[in-house]
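Quick notes on the structure that follows.
Taken together, the values in this text are just the output of simple stated rules run on the coordinates, not laboratory data. Here the structure is a predicted model, which means the values were calculated and not measured. Because the Cβ atoms are built from the backbone with ideal geometry, glycine has one as well, and the counts that use them run over all protein chains shown.
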Amino acid sequence: MANLYYAVQGQKMNEIMKLLTIVSAIFIPLTFIVGIYGMNFENMPELKTKYGYFFAIGGMAILALILVIYFKKRGWLNRN
């Protein structure tokens, strides 16, 4: 019975680790993009455009959506 209990606990921990890994995989590229835009550069061409901010936010939203769709298609976001 103890082995069964430890096996179930290990399975639950693996599911939690998988979810945390997926969340990290979604937010790490977004954090990189925000880090680049947070630097004080003058020669970034998109900073001078009228809608450059919205393009950057839209690009990050599209990237996050693509990653969520990818993980759903792989079956990694399904609850068992």
**DSSP-loop trypsin sites (Lys or Arg not before Pro) across the stretch 23-80, with at most 12 other Cβ within 10 angstrom** = 48, 50, 79
**Prompt:** Per residue, what volume in Å³ does the convex hull of the Cα atoms of the chain enclose?
**Reply:** 92 Å³
**Fill in**
Put in order of increasing Cβ neighbours within 10 Å, starting from the fewest, 12, 18 give 12, 18
**Request:** For every helix of n ≥ 4 consecutive DSSP H residues, a contribution of -39,500 (n - 2.57) applies; sum these over the chain, divide by its total residues, and give [θ] at 222 nm rounded to the nearest 500 deg cm²/dmol.
**Result:** -26500 deg cm²/dmol
